[in-house]
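A short write-up of the structure that comes next.
Coordinate-derived values only; no laboratory data. These numbers were taken from a predicted model, which means no experiment stands behind them. No Cβ is skipped: glycine too gets one built from the backbone with ideal geometry, and neighbour counts run over all protein chains shown.
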Amino acid sequence: MKPSDSVQIDAFVASIRNINDVGLSHLHALSIAVGWPHRAEDWQFLRQVGLGIVALDEIERPIGSAMWFPYGEDVATIGMVITSPRLQTNGTAQWLMQHVLGETRGRNLRLNATRAAQRLYLSLDFQPEKTVYQRQGTVRLSVATREREVNGVVRQLQDQDVPAVVARDALAFGVSRQAVISALFAHSSAYGLFREDKLCAFALCRPFGRGHVVGPVVAANDEDAIAVVRPHVLEHDGMFLRLDTHRESGDFVAFLMENGLSVFDTMLTMSFGKRLADFVPDEANPPVTYALASHTLG
């Protein structure tokens, strides 16, 4: 049954509005209220590549939001599920999620849940998958990073490399994200690792929140992942950098730590329908998503 487009919340009636009909300044204020780092520009980018709804109170103030990002016909990620702090225990998020689930019916869904939101998603039959480690900090280059050698050729990627990036990302993510990857590429600095003219790994980096975020990063092993993230680290020495990864240990994590990117927070990747393991390609040394594009985009 389709949820109502309006609902009684406390002493007022809330209504649903398309996210594109709400001003960026209002959306920005909503994320600021819950301590999220998104700039107005980050909201605008997400509106360009995804769909969403906003809950408004009776005087047209946003009190909640939710977005979804369809990939192909079968998959979508869910994100930007926010409720005003004063309304976080009264069912607003559940109401918003019922709308999102109606819009994405028939798709396999993924999201990254804060600790506070995990109970809500469990109640909606989302299943826990992997921890996301939000690593961030002011980059302090190690001597080893400055001197590290690379197995292959690392170069800055150009527009003609986008099809190869999209294809490599699709193998790691499990479905093509052509529109989103192309849009991210246009806003990012990008490096790729090549062997015999074949793209083996890549890493994008773009402005976000307090500084820059690295992601997505796709590689088949730690060594290749380090090779493509290293140029971004070199370029941001002394600056704030963030990277969200499922990796808990190993050489890649050690590389991040030695350059100042420590764990700031954790989230939980959850799925509805197919699990992440169901999307792993059946091939030797498949590419892996070493860093998410974002918590929202996966």
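Overview of values
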| item | result |
| --- | --- |
| Cα-Cα separations in the range 6-106 greater than 18 Å, expressed as whole percent | 43 |
| Exposure proxy ranking, count of Cβ atoms within 10 Å, fewest first, for 198, 274 | 198, 274 |
| Residue 123/residue 21 FRET efficiency (R0 25 Å; Cβ-Cβ; nearest 0.05) | 0.30 |
| Scaled radius of gyration (Cα, divided by 2.2 N^0.38 Å) that the chain gives | 1.02 |
| Segment residue 234-residue 195, extension gain: residue separation times 0.36 nm, minus the distance between their alpha carbons | 11.9 nm |
| Most mobile listed residue (147, 60, 248) in the chain, GNM with C-alpha springs under 10 Å | 147 |
| With 10 Å bins from 0: P(r) over the range 130-272, alpha-carbon pairs, percent | 12, 43, 38, 7, 0 |
| Principal-axis tilt of helix 40-49 within the chain, Cα atoms, nearest 10 degrees | 90 |
| Environment charge at residue 165 (Cβ cut-off 12 Å; Lys +1, Arg +1, Asp -1, Glu -1) | -1 |
| Residue order, fewest to most beta carbons within 10 Å, for 239, 80 | 239, 80 |
| Mean separation of Cα contacts under 8 Å (6+ apart) over length of the range 26-109, as relative contact order % | 25 |
| GNM top mover of 217, 280, 165 - the chain, alpha-carbon springs below 10 Å | 280 |
| Likely footprinting exposure, 19, 59, 32, fewest C-beta neighbours within 10 Å first | 59, 32, 19 |
| Cα-based convex hull, the range 175-256, per residue volume (Å³, whole number) | 112 |
| Whole-number percent relative contact order across the range 218-298, with pairs defined as alpha carbons under 8 Å at least 6 apart | 53 |
| Hz values of 3J(HN,Hα) by residue in the range 258-273 - Karplus curve (6.51, -1.76, 1.60), Gly and Pro given as x | 6, 10, x, 9, 9, 6, 9, 7, 10, 9, 10, 6, 10, 10, 10, x |
| On Cα atoms only, tilt of 162-173 relative to the major axis of the chain in degrees | 70 |
| Among 176, 65, 25, residue whose mean-square fluctuation peaks in a GNM of the chain (springs only between Cα atoms under 10 Å) | 25 |
